[in-house]
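Encoded as C-alpha cells, here's the structure I'll be asking about.
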2 protein chains.
Amino acid sequence: MYRTHTNGQLRATDINKKVTLAGWVQKTRDKGFMVWVDLRDRYGITQLIFDEERTPKEMMETAAQLGREFVIQVTGTVIERESKNPNMPTGDIEILVSEISILNKSLTPPFTIEDETDGGEDLRMKYRYLDIRRKPVRNNLVFRHKVTMAVRNYLSKKDFVEVETPYLIKSTPEGARDFVVPSRMNEGQFYALPQSPQTFKQLLMVGGMDKYFQIVKCFRDEDLRADRQPEFTQIDCEMAFIEQEDILNTFEGLTRHLLKEINGVEIGEFPRMQYDDAMRLYGNDKPDIRFGMQFGELNPVAQHKDFNVFNTAELVVGIAVPGGNSYTRKEIDKLIDWVKRPQVGALGMVYCRVNEDGSFKSSVDKFYDQEDLAKWAEVTQASPGDLICVLSGDTHKVRAQLSTLRMELAERLGLRKANEFAPLWVVDFPLLELDEETGHYHAMHHPFTSPKPGQLELLDTNPGEVKANAYDLVLNGNEIGGGSIRIHDKKTQAIMLKHLGFSEEEAKAQFGFLMDAFEYGAPPHGGIAFGLDRLVAILGGQETIRDFIAFPKNNAGRDVMIDAPAPLDKEQLEELHLKLDL
Amino acid sequence: MYRTHTNGQLRATDINKKVTLAGWVQKTRDKGFMVWVDLRDRYGITQLIFDEERTPKEMMETAAQLGREFVIQVTGTVIERESKNPNMPTGDIEILVSEISILNKSLTPPFTIEDETDGGEDLRMKYRYLDIRRKPVRNNLVFRHKVTMAVRNYLSKKDFVEVETPYLIKSTPEGARDFVVPSRMNEGQFYALPQSPQTFKQLLMVGGMDKYFQIVKCFRDEDLRADRQPEFTQIDCEMAFIEQEDILNTFEGLTRHLLKEINGVEIGEFPRMQYDDAMRLYGNDKPDIRFGMQFGELNPVAQHKDFNVFNTAELVVGIAVPGGNSYTRKEIDKLIDWVKRPQVGALGMVYCRVNEDGSFKSSVDKFYDQEDLAKWAEVTQASPGDLICVLSGDTHKVRAQLSTLRMELAERLGLRKANEFAPLWVVDFPLLELDEETGHYHAMHHPFTSPKPGQLELLDTNPGEVKANAYDLVLNGNEIGGGSIRIHDKKTQAIMLKHLGFSEEEAKAQFGFLMDAFEYGAPPHGGIAFGLDRLVAILGGQETIRDFIAFPKNNAGRDVMIDAPAPLDKEQLEELHLKLDL
C-alpha cells in the first residue's frame, strides 16, 4: 500500500489524520526556513509543507532537492493551511511531512507539465506519456471513458448485445484502401484489417442477434489529411426487423441521453432535413445549425441584368453576415482574398452592404439597382447592418465554397459555441455519387445500402436520382453518425453490385458469403455507425480528435513515440514469403 | 415498426390483445384443418395457429407452404392455448393469425437450427450466421456481453479508466511471432499488431493514469494448437502506486464479483499457492483444486529397495485415485497404455491397490512389502478402496505426465464439475525459464517483470532461482489471468534485457521509448491480464473458447465463412512495395 489517500481527497474534515500520499512533484517553493511541495496524481494536488521548526534538518534538505516530476511517497499529518486556496478542492489543508521517500527521480522534462505547456505538438507526441500527465489531456481520456461507458450502458439496457467481430478479415477493393496482414501459415495470402465490421454486423442480423453494437477499432489506409487517423474507433450498431424510423428514434435516444448525461443539456426532438435541402440551404450535408446564415439562391433576382459573371453561372448564391456591414473596405478585400485561396477556390466574391437606413451599397452597383438588391436581401434574409456575400459558378463547387465561407465567418463571429449543441438528422441521401474523375458512379454510403422502395428501376435510366434509405446524424457541423437500411435479398444486392461495376465473378469472390446468407432467411435490417473520436471531441467542446486519443499517429501515419512503422528483420520477411520491392 | 412484441414476451395476461410479431419459422405442424407454426427470434418462440374455421383459405395455404427459416411477419390475436406447454415461457398462449406477410424466403438450411444440431463443426463454421441462430450459440454470445459489461462496470466504479491503445504498433522479435502490416506511406516499413498492450499500459502508468483497463483484441501468429485463436481478447489492467498485494486484492474482488453476479456463486478468500508448491503438489502451475488427488513424492519410501526403475529416477511420485481399487486388471492395463501414449509420454506406470481391509496389492510386490506400501499410501493420502498410480523419471517430465493423468482421471470420475468454481492465486513464479532446446533463459512472464527485491544479484550466478513478483489467477485448472509487478527503473530494465540476450543496441531500438520513459518519474506499477475468451467459457461452464466467439477461425487460422486469408490484387501488392517470394 503506497498511499492511504489520493491527492484529490483530503479536506478540512481530515485535519489531524495521519496519512500517506504518493505522486509527482508538480513544483516546490523553497523559502529556506520553509519548503512547500505540490504533490500531484490523477486525482488532484495536495500541498506538502516542511519547515525548520518541525521538520528534521535532513528531511528539509531532501525536500529542497526534489526536482520536478520526482516520484515521492510521504507520510505526515493533515494540518490546516495558513493561507487557504479556495480554487483547489484540497486548498484548506496541507500535509506536515514526517517521512519522505523518493520512489523515482526524474530528468528535467522536455516541456512543462502544466495545463498550458510550452511544449510544441511534435515534442508532446514524442513524450506522449508526459503529455498525458497534463490535466487537460488526462481529463480528455477520462471523458472519453465516461462517454463510452454511457453508450454501453444505454445500449445494453435497450437489449443491444456487444459482439466482437474479427479483425483479421478479407480485403475488398471497394472503398478506401485496406491495411493488409500477410499470413505466414497460408503462403502468399493476406488478411485485411476491417474498415468497418459492416458485413459481419449484417451477418449477425441474419443470425438473429436482433440488436447489435460494438465499440471497435477500424482501419483505413488513406493518404492522411489533417486530423485523420489510420486507426479510428466506431460505435457500430445494427438492428433487425426495423424501418428507418426505428433507427432514427433509437439513436436519437442515445444521443439525447449522452447530451443529458455527459453535458447536462436537454434537447428536444431532433430536426430532420432532406439531403437536398441541406445542400440547398447550407451547401453541405452536415450543416451547423447553431446559427443561421442560410443560403439564398439568387438566380431569379440576379440573372436578369448585364452582369455576365452571374448570367453564365449555374448557381448564384449568397449569405447574409450578421453585422457584417461594419467590415471596412479593407476587411472585405481580405475576405475576398480569403475565398480566392486555393483551399476555398472561389473566383471572386460579390458583396452588398445593407446600411442601417435600409439602403444598399454593393460591389456591382453598376449592374443592380436598389430594387434588385432589396430582393437579394429578401432572399438571403439580410437585415440592416448585415453584409451579403455572393458567390457564383458551378452548383457543386460554389455550394462548397460558400459553405466554407459561412463556417469561417461564423467562427470569426463567435457563433460556433462549444457548449451549445444543435443535432439534426440529414435524410434521403442519394444512393450513388458520381466520381467526376472517372465518370463512374459509386455508392455514396456503401454497396449494402437499400434504395428507396420503387426506385431500383431508376438505376438504369437515372442513377444519380435514386434516393437511399440512408441518414446521417449531424452535430454542430460534424457528421457524428451515418447509416442506412440495408439490402436484405440476394437479387437486389446483385443488381446493386453490378451497377457499381463488379463483374459477377468479382461480386461472388468478394461478397458471395453475404449474398449466400441472404438466401437463408435474412430479416429486414439496418444500422448506424458513430465516429467515436469525433463524437467525444464534440461533446468535449473541442474539434481536434487527436486530443482525445491516448496515442495518436501523426499526419504521416507514424507513431513518433515508439517510432513505428519500422523495417522488419530479414528473417521475419522470409517467414512471410515476402520481398521488398522498393 | 415490424412488430409490437418479441416472440419471448407474450403471456396469459396478454390474451385478446392484437399483436404483430416477426421472426423465423422454426417449424410447422400441418394437420390439414389446422396449422401450427413456431415463430422464433432472439427472445423466444411463440406459437401461431391457423385453422380452417377461423382462417381464410388463402392464408391457410400460405401457412402450409412456409418453409423452415422463412422470415415472416404476422398480425393476430393472443388466445389461450388448448394444450399448454409449461416448458415454454409463452406456453400458455398462441396467436390466431389474421394477417401474414413473408418478408424473406429461405433455402433449406444445411443443418437443423435446433439446440442439438445435425451440423458438423466445418459446416457450422461455414454457415456461422445460421449457427448463431441456434439458441446455445446465441446464448453464449449474450453471456459474453453480460460478462464484459459486468467487468467494465465493476472496474469503472473502482476508478479504472478504459483507455484505447493503438493496434498499429512496432514489431518486437521477443516472444511469439507478430502479425505485421506493411505501410504504404512509409515504404519498406511495417507496423505490427499488438500481442498485448503491455508497453502502452506501462506508459499510461508513467503518464499518471493510475488505474487503467481495456478489453482489447490481441494477436499472435503462432502455429495454432487446438482451441487457440490468432486473435483473442484480453481484459488488460494496470495500476500505479501499488504492491503485489493490492493487485491480488483488486482482481480477486473483480473475479468474486463476476462469480456472484454471473454465476450466483459466493466465494470467500481465494487460496494462494506458491509456484513451487503447485508444481510439487499438482505437477502444474494451474492446478484444478476442485478435487484432491494431490501428488505424493515417494523418493524416500520407494528408493530403498532393488527396484532400479525407481532408484535411478529423479522423482518417484504418485496419486491416490478415489475408489480406483474397483478398476479391473484390464482397466488398469488400459490406463497404463493411456499414459504411455506419446501425448502423455510416460514409460510405464506402477500401481498399488488399497484393499478395503487395508492391505495392499501392487504391481511391484516383488520389491516392496506391505510396510513399504503403507508408507506410499500415507504419502499419497490413499484410503481403502483407492488405487495409487505411481510414475517416475525426470522431475519436469514426470510431473507433467502425472498431472495429465490426474486431470484425465478426475474427468472420468466426474470430479470436474462445471458449476463448481475453485479459484486460486499461484504466486512467486520464477523470473526466467530455461529453454531446453537452446539452453538460453527467457522471461517466464515477460521482460518487464520485476524480480523479487534483493534477487537481482542472483541473475548472474543462479538465474533459474530468481523469483519474480509474478502471479497467475487460476480457475478450475485454467489460467484465467496472469500478471506481475513491473520494473520501473531504466537500470534494472537494462540488466534484465541484457540477461535475456538483447544487445544494448537491440534493447534501445526495441524498448528505448519505455526505458526513456522510466527516466522521467515512473511510478511503481503492476498489472494483470485476463484471457476473456477462456474466462467467459469457464464461467459459462464450458471449456471450448470457440463456442464463445462470434466468428472464430479454424486451426489453420482461416475464416472459412468469408474465405480469408486470400490472395491480394497485383496492384495492391505493388502499392505496398512488396513481392511474393514463394
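Between the alpha-carbon centers of the stretch B:188-254 and the stretch A:109-146, tell me the distance in whole angstrom.
22 Å
What residues of the stretch B:524-543 lie in the reach of a label at A:Glu575, counting those whose backbone N is under 20 Å from a point 7 Å from the Cα along Cα→Cβ?
none
Something else now. Per residue of the stretch A:294-307, what does 6.51 cos²θ - 1.76 cosθ + 1.60 with θ = phi - 60° give for ³J(HN,Hα)? Whole Hz please, x for Gly and Pro, Karplus curve as stated.
5, 5, x, 7, 9, 3, x, 10, 9, 10, 9, 10, 8, 7
Same structure, new question: Amide H neighbours of B:Arg486 under 5 Å, at least 5 residues apart or on other chains, H built in the peptide plane: list them.
Counting only residues 5 or more places away or on other chains, the set is B:Ser450, B:His525, B:Gly526, B:Gly527.
Next up: Work out the length of the dipole vector of the protein assembly as shown about its Cα centre, built from +1 on the beta-carbon of each Lys and Arg and -1 on the beta-carbon of each Asp and Glu, and round it to the nearest 20 debye.
The calculation lands at about 1640 debye.
Quick one: Karplus J couplings for the stretch A:351-366, per residue in order, coefficients 6.51, -1.76, 1.60, θ = phi - 60°, nearest Hz, x for Gly and Pro?
The phi angles translate into 10, 8, 7, 10, 6, 4, 7, x, 7, 10, 9, 10, 7, 10, 4, 4 Hz.
Which peptide among B:465-478, A:28-41, A:103-116 comes first, and what is the full order, when sorted by highest mean count of other Cβ atoms within 10 Å?
Final packing ranking: B:465-478, A:28-41, A:103-116.
For the stretch A:373-383, what does the Karplus curve 6.51 cos²θ - 1.76 cosθ + 1.60, with θ = phi - 60°, yield as ³J(HN,Hα) per residue in whole Hz, taken in order and with x for Gly and Pro?
5, 4, 5, 4, 4, 5, 5, 8, 6, 7, 10
Rounded, prolate or oblate: pick one for the stretch A:291-412, where a ≥ b ≥ c are the square roots of the eigenvalues of its C-alpha gyration tensor, a/c under 1.5 means rounded, and failing that, prolate if a/b is larger than b/c, else oblate.
In terms of gyration-tensor shape, rounded.
Amide H of B:Thr4: which non-local residues (sequence gap of 5 or more, or other chain) have their own amide H closer than 5 Å, using H built in the peptide plane?
Close amide H contacts, sequence-distant or interchain: B:Thr20, B:Leu21.
List the pairs from A:Lys467/A:Lys508; B:Lys260/B:Lys340; A:Lys17/B:Lys158; A:Lys17/A:Lys126; A:Lys498/B:Lys170 whose alpha-carbon separation is above 30 Å, in the order I gave them.
With Cα atoms farther than 30 Å apart: B:Lys260/B:Lys340; A:Lys17/A:Lys126; A:Lys498/B:Lys170.
Percent of alpha carbon pairs in the protein assembly as shown separated by more than 60 Å?
Considering the protein assembly as shown, 24 percent of its Cα-Cα pairs are separated by more than 60 Å.
Ok, one more. From the square roots a ≥ b ≥ c of the eigenvalues of the alpha-carbon gyration tensor of chain B, which class results: rounded (a/c under 1.5), prolate (a/b over b/c), or oblate?
Verdict is oblate for chain B.
Can you give the accessible area buried between chains B and A, summed over both chains, with a 1.4 Å probe, in Å² to the nearest 100?
Roughly 11100 Å² of accessible surface disappears when B and A pair.
Something else: Please state the shape class of the stretch A:12-104: rounded when a/c is under 1.5, otherwise prolate if a/b exceeds b/c and oblate if not, all from the C-alpha gyration tensor.
Here the stretch A:12-104 falls in the rounded category.
I would also like to ask the following. So, in nm, how far is label A:Gln542 from label A:Asn554 when the simple model puts each one 7 Å beyond its Cα toward the Cβ?
Label-label distance for A:Gln542 and A:Asn554, simple model: 1.9 nm.
At 222 nm, what value in deg cm²/dmol follows for chain A if DSSP H runs of at least 4 each add -39500 (n - 2.57) and the sum is divided by all its residues, to the nearest 500?
-8500 deg cm²/dmol
How shielded is B:508-514 by partner chains, expressed as the average number of their Cβ atoms within 10 Å of its Cβ atoms?
3
Once Lys and Arg get +1 and Asp and Glu get -1 on their Cβ, which of B:Phe251, B:Phe50, B:Asn87 lies farthest toward the positive end of the dipole of chain B?
The Cα lying farthest towards the positive end belongs to B:Phe50.
Pairs of Cα atoms under 8 Å, at least six residues apart: use those to get the relative contact order of chain B, whole percent.
Answer for chain B is 13 percent.
May I pose another question? Towards the positive end of the charge dipole of the protein assembly as shown, with charges on Cβ (+1 Lys, Arg; -1 Asp, Glu), say which of A:Pro194, B:Ile528, A:Pro451 has the farthest Cα.
B:Ile528
Wrap a convex hull around the Cα atoms of the stretch B:438-542, take a quarter of its surface area, and give that in square nanometres.
Reported value for the Cα convex hull: 8.4 nm².
May I ask for the net charge around A:Met59, where only other residues with Cβ less than 12 Å from the Cβ of A:Met59 are counted and Lys, Arg are +1 while Asp, Glu are -1?
Net charge in that neighbourhood comes out at -3.
Any chance you could check the Cα centroid distance between the stretch B:4-46 and the stretch A:295-367 for me, in angstrom?
Rounded to whole Å, the Cα centres lie 65 Å apart.
Could I ask something else about it? Evaluate the charge dipole of the stretch A:12-104 about its Cα centre and quote only its size in Debye, nearest 20, assuming +1 on the Cβ of each Lys and Arg and -1 on the Cβ of each Asp and Glu.
240 debye
Here's something else I'd like to know. Less than 12 Å from a label point 7 Å out along the Cα-to-Cβ axis of B:Asn263: which backbone N atoms in the stretch B:443-482 qualify, by residue?
Those under the cut-off are B:474-478, B:480.
Measuring from centroid to centroid over Cα atoms, what is the spacing of the stretch A:490-565 and the stretch A:433-468 in Å?
Spelled out, the Cα-based centre of one part sits 19 Å from the other.
Calculate I(q)/I(0) for the stretch B:1-57 by the Debye formula, one identical point scatterer on each C-alpha and no solvent, and give its log10 at q = 0.20, 0.22, 0.28 Å⁻¹ to two decimals.
-0.81, -0.94, -1.17
Ranked highest first by average number of other Cβ atoms within 10 Å, how do A:329-341, A:297-309 line up?
By packing density, highest mean first, the sequence is A:297-309, A:329-341.
Got the relative contact order for the stretch B:287-399 handy, in percent, Cα pairs under 8 Å and 6 or more residues apart?
It rounds to 38 percent for the stretch B:287-399.
Between A:Glu222 and B:Met34, what FRET efficiency comes out of the Förster formula 1/(1 + (r/R0)^6) with R0 = 56 Å and r the beta carbon distance, rounded to 0.05?
The calculated FRET efficiency here is 0.40.
If I model a spin label at A:Met185 and B:Lys334 as a point 7 Å from the Cα along the Cα→Cβ vector, what separation in nanometres do I get?
Each label point lies 7 Å from its Cα, and together they span 3.3 nm.
Hey, what did the stretch B:427-468 get for relative contact order, percent, Cα under 8 Å, at least 6 apart?
Reported relative contact order: 48 percent.
For chain B, with only Lys/Arg (+1) and Asp/Glu (-1) charged at the beta-carbon, what is the dipole magnitude about the Cα centre, in debye rounded to 20?
1660 debye
Also: Going 7 Å from the Cα of A:Ser98 toward and past its Cβ, which residues in the stretch A:38-66 have a backbone nitrogen under 18 Å from where you end up?
Zone members listed by number: A:48-60.
Could you work out how far apart the two model spin labels at A:Lys157 and A:Glu506 are, taking each label as a point 7 Å from the Cα in the direction of the beta carbon, and quote it in nm?
Taking the simple label geometry, A:Lys157 and A:Glu506 are separated by 4.7 nm.
What residues qualify as long-range amide H neighbours of A:Leu103, i.e. H under 5 Å apart, gap of 5 or more or another chain, H built at 1.01 Å from N?
A:Val71, A:Ile72, A:Gln73
The values are calculated or read from the model by the stated rules, or taken from the named source; none is laboratory data. What you are looking at is a predicted structure, and each value in this text was computed from that prediction instead of being measured. Positions of Cβ are backbone-derived with ideal geometry, glycine not excepted, and every protein chain shown enters the neighbour counts. What goes into the accessible areas is simple: the full protein's heavy atoms, side chains included, and nothing from ligands, DNA or RNA. Shrake-Rupley method; radii C 1.70, N 1.55, O 1.52, S 1.80 Å.
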